[in-house]
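The next block holds one structure in the form of structure tokens; read it before the comments.
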Amino acid sequence: MMHRSSIRKLARELALLVSCAAAFGCKGGSDKEAAKPASSIAAATTPEATALKAAFAYVGPVGDAGWTFAHDSARKAAAAATAGKVSSSFVENVPEAADAERVIRDMAEQGNKLIFGTTFGYMEPMLKVAKDYPDVKFEHATGYKTAPNLRTYDSKTYEGAYMAGVVAGAMTKTKTIGVVASIPIPEVIRNINSFTLGAQRHAPDVKTKVVWVNKWFDPPKEAEAAQALLNQSADVLMQNTDSSAVLQTAEKAGKLGFGWDSDMSKFGPKAHLGSAIINWTPYYTKAMNDVLSGTWKPTQTWWGVKEGAIDLVSLADQVPAEVKTEIATLKAGLKDESFAVWKGPIVDQAGKEVLKAGEVAKPEFLLGLNFYVKGVEGKIPSGK
Amino acid sequence: MDAVFLLLGASIDAGTALALASLGLLLNERAGVLNLGAEGIMLVAAIAGFATAFHTGSDVVAFFAGALAGAALAAAFGVLVIWLHTNQYATGLALSLFGAGFSAFVGIDYTQVKLSERTPFTLPGLQDIPALGPALFRHHYLVYLAVALAAAVSWFLFRTRAGLVLRAIGESPESAHALGYPVRRIRLAAVATGGALSGLAGAFISVVYTPLWVEGMIAGKGWIALALTTFATWRPWRVLLGAYLFGGVTMLQLHLQGEGVALPIQLLTLLPYLATIVVLVLISRDQKWIVVNMPASLGKPFSPRT
């Protein structure tokens, strides 16, 4: 910012000098002098100007080991894949509030031509800023509103949750599994349901207990919620929060858990069964290439296992071989679309059939999901 | 029934860090110094403790490191407010902000590391008693230390001469000064001790309670500890009770959710704060209690010349 504004100031002063010199008829020397610094400034910025500048706004710290960490790894990988055609930067810990608009506006002001916002709460700020910078492309993760220069992208995290559920169902002894959940939005509810549906493959009568912490990132609270679930006889835990605290609590108690968003195997060597990860690299690479080649369009992308955006990795040795094979088969099925997680018959808690046998859920159905499937205990807290 | 005792056990765990920090703050407030920097001190101590545990592999050394970091920060705060007469509120707030930023900065390299194997804590023989075992005898030793500390602070303040002097300084530093006590040095000692205990609480959180380091992981516990001293009318046992109560309601709301009780989560999240305030206000509703117990010179600077 400072750099830019000082350049502007300099340019303004030079312009003044030139006009002043012209007015007094002493054109020659001062014109040359005016031209010289201006061109050297242009030359200095040229190497940067040829590279596409991309900026990322993160909701958490890059060291959260989960959500933001996954985005930042992908940022580096994607920028590297473009072989120097893209230079990228990021701002972490940007709150989902008025500050977000300031930060995103700043990014546009600094000459970034491609701006990513990686949390739902940036939706309105990005819409606002996108309107003021029509030549900048905006990419918003997990949102649903678009504009001519603002598009959305998301990952089918529920596919990872389902595969984790399959492992959980095979490993639970108490037939009770637990989920530490963040905020009751369709995405999180979908993951709880998918985890339960997966577990039912091996344990049809499995019970899923859910504790909401109302935060994306609060490790001590996530640990307390995990402890509450363990106290209520859940022996395999999953979380839709952003830190490794739940897995570590399971490790401490000698129970089992999963990594979420990033590979967390090292945080619970004994407890860790697998990590449901999001790989944003394919999408970030595509987005950068779209802008570079001028083919960028305001689309809405929702990628999963098929596109390499979702995976269940680092399956533990204690997971039986046949379950590992099953996971591989599921992945293959998701890739060639012969298998879908949300395929009927699926009934809700009250026993009402929400998907008829053989019916595959449409994206609209999944995006607005606000009920628990049979097997999940409790009610969705009424909170918006 | 077992669930109730497990809940009790979890509540005691959850309240311990609050109790440790709050007892420390109680000591320096009894000497007349209000340290609003508790949150920052706990954060810096949390990373100091975590880094030490990571490099040495010893929790005990980590606790000392956390306490030392807390004491050092608090002592710096003490010098500023006691000798240089900076405003206690502003300096404390500055310390909180500094601690948050500083801990995040030095902790960058520790967000991805993991401590060595954690062993569960048990008291041989007692841990297997039905019901009481899981509730009372499977805690980390710092949990028991917090109880002992409440007893020690209570005994020190109300049964020893040194405690009397400390309280006198908190009530009327001028009188204590007239009697020849080194008011400022005693205040500094109280502040440093308070910082050490807050630091111990911070290290307990990052080394034992949630064995990991992430930026901002104290998540407001320092502020709650500060509030507890006031609601507990500066009485050690009430601080301990308040801390367990807060931990208890925190865990209760999570357990209720696990049991499938449907309440708005915003209300449940609010519950620990609400319950703690209500109970402590009720037990302290006698105005005289607050007037009698609140250190009269709390937050006021003292200069021997005036």
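The values are calculated or read from the model by the stated rules, or taken from the named source; none is laboratory data. Everything numeric in this text was worked out from a predicted model, so none of it was measured. Neighbour counts are summed over all protein chains in view; Cβ atoms, including those assigned to glycine, are modelled from backbone coordinates with ideal geometry. Just so you know, the surface numbers come from the protein's heavy atoms only, side chains and all, with ligands and any DNA or RNA stripped out. Shrake-Rupley method; radii C 1.70, N 1.55, O 1.52, S 1.80 Å.
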Delta accessible area of at least 10 Å² on complex formation, residues of the stretch B:199-227, 1.4 Å probe, chain isolated as reference: B:VAL208, B:TYR209, B:THR210, B:PRO211, B:LEU212, B:VAL214, B:GLU215, B:MET217, B:ALA219, B:LYS221
Folded to 0 to 90 degrees: helix A:27-50 orientation relative to chain A principal axis, Cα: 20
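Find out how many positive minus negative residues lie around B:LEU43, taking Lys and Arg as positive, Asp and Glu as negative, among other residues whose Cβ is under 15 Å from that of B:LEU43. Don't jump to the answer; show the numbers that get you there.
Working: positive: B:LYS221; negative: A:ASP218, B:GLU39, B:GLU215.
Charge balance near B:LEU43 sits at -2.
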If one compares the long axis through the Cα atoms of helix A:157-171 with the longest principal axis of the Cα atoms of chain A, the angle in degrees, nearest 10, works out at 30
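How big, on average over all directions, is the shadow cast by the Cα convex hull of the stretch A:244-315, in nm²? Show your work: numbers first, answer last.
Working: hull surface 22.8 nm².
Its Cα hull, projected and averaged over all orientations, spans 5.7 nm².
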Ratio of alpha-carbon Rg to the 2.2 N^0.38 Å globular estimate for the stretch B:94-167, to two decimals, please. 1.74
Working from the alpha-carbon coordinates of the stretch B:198-241, get Rg over Rh, Rh being the Kirkwood radius. 1.05
How big is the shadow of the Cα convex hull of the stretch A:112-207, averaged over all directions, in nm²? 7.0
On the full set of protein chains, 1.4 Å probe, figure out the accessible area of B:GLU171 and give it in Å² to the nearest 10. 70
Could you pull out the chymotrypsin sites (Phe, Trp or Tyr not before Pro) across the stretch A:96-166 that fall in loop regions by DSSP (anything but H, G, I, E, B) with no more than 12 other Cβ atoms inside 10 Å? A:TYR144
Among the Cα-Cα pairs of the stretch A:248-363, the proportion with separation greater than 19 Å, in percent, is 63
Answer check: the stretch B:169-228, Cα atoms, Kirkwood Rh, Rg/Rh ratio of 1.19
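As an exercise, find the ratio Rg/Rh for the stretch B:191-306 from alpha-carbon atoms, using the Kirkwood inverse-distance average for Rh. Spell out each step's value before the answer.
Details: Rg = 17.3 Å, Rh = 16.5 Å.
In the stretch B:191-306, Rg relative to Rh is 1.05.
Viscosity 1.002 mPa s, temperature 20 °C: what is the translational diffusion coefficient of the stretch A:130-284 from Stokes-Einstein with a Kirkwood Rh over Cα pairs, rounded to a whole number of µm²/s? Before the final figure, lay out each step's value.
Details: Rh = 16.0 Å.
Translational D for this selection: 134 µm²/s.
Restricting to DSSP H runs of at least four residues, report the calculated mean residue ellipticity at 222 nm for chain A, -39500 (n - 2.57) per run over all residues, nearest 500 deg cm²/dmol.
-14000 deg cm²/dmol
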Out of all Cα-Cα pairs in the protein assembly as shown, roughly what percent, to the nearest whole number, are more than 46 Å apart? 29
So what are the stretch B:144-253's ellipsoid semi-axes, whole angstrom, largest first, if each one is the square root of 5 times an eigenvalue of the alpha-carbon gyration tensor? 30, 16, 12
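Would you please name the GluC sites (Glu not before Pro) within the stretch A:293-384 that are DSSP coil residues with at most 13 other C-beta atoms within 10 Å of their C-beta?
On the way: sites: A:GLU307, A:GLU322, A:GLU326, A:GLU337, A:GLU353, A:GLU359, A:GLU364, A:GLU377; in loops: A:GLU337, A:GLU359, A:GLU377.
Passing both the DSSP loop test and the Cβ count: A:GLU337.
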Give a residue-ordered list of calculated ³J(HN,Hα) values for the stretch A:182-199 (Karplus: 6.51 cos²θ - 1.76 cosθ + 1.60, θ = phi - 60°; whole Hz; x for Gly, Pro). 8, 10, x, 10, x, 4, 6, 4, 4, 5, 4, 4, 5, 4, 5, 4, x, 5
Protein accessible area in the protein assembly as shown, 1.4 Å probe - carbon and sulfur %: 64
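Can you tell me the equivalent ellipsoid semi-axes for chain B? Use √(5λ) from the Cα gyration tensor, largest first, whole Å.
Details: eigenvalues 204, 110, 66 Å².
Result for chain B: semi-axes of 32, 23, 18 Å.
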The stretch A:171-259, dipole about Cα centre (Lys/Arg Cβ +1, Asp/Glu Cβ -1), debye to the nearest 20: 280
Mind checking the angle between helix A:281-293 and chain A's longest principal axis? C-alpha axes, 0 to 90 degrees, to the nearest 10. 30
With labels modelled as points extended 7 Å from the Cα through the Cβ direction, what inter-label distance (nm, one decimal) is found for B:LEU179 paired with B:ILE277? 3.7
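Quick one: ranking A:ASP317, A:ASP106, A:ASP235 by accessible area, 1.4 Å probe, largest first, what do you get? If you can, show how the numbers build up before the last one.
On the way: A:ASP317 145, A:ASP106 55, A:ASP235 15 Å².
Ranked from most to least accessible, the order is A:ASP317, A:ASP106, A:ASP235.
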Using bins 5 angstrom wide from zero, how does P(r) for the stretch B:33-85 break down, in % of all Cα pairs? 5, 23, 24, 18, 13, 9, 5, 2, 0
Give or take rounding to whole Å, what are the principal axis extents of the alpha carbon atoms in chain A, in descending order? 93, 42, 39
Taking alpha-carbon centroids only, the stretch B:211-265 lies from the stretch B:58-133 a number of Å equal to 17
Which one of A:SER275, A:SER233, A:SER155 has the biggest mean-square fluctuation once chain A is modelled by GNM with Cα springs under 10 Å? A:SER233
Fraction in percent of alpha-carbon pairs per bin - 10 Å, the stretch A:189-258: 21, 54, 23, 1
Residues with amide H under 5 Å of A:VAL179's amide H, sequence separation 5 or more or different chain, H placed in the peptide plane at 1.01 Å from N; which? A:LYS209, A:VAL210, A:VAL211, A:MET238
nm² value of the averaged projected area, convex hull over the Cα atoms of the stretch B:76-222: 12.1
If I stretch the segment between A:LYS131 and A:ALA97 completely, what's the gain in nm (0.36 nm per residue apart, minus their alpha carbon distance), one decimal? 10.4 nm
Cα Rg, Dmax, the stretch A:44-139, angstrom units: 13.1, 38
Zero-based 10 Å bins, Cα pair distances in the stretch A:311-363, whole percents: 21, 36, 30, 13
List the trypsin sites (Lys or Arg not before Pro) within the stretch A:240-270 that DSSP assigns to loop and that have no more than 14 neighbouring Cβ atoms inside 10 Å. A:LYS270
Which three semi-axes in whole Å describe the equivalent ellipsoid of the stretch B:1-142, each the square root of 5 times a Cα gyration tensor eigenvalue, listed largest first? 33, 20, 12
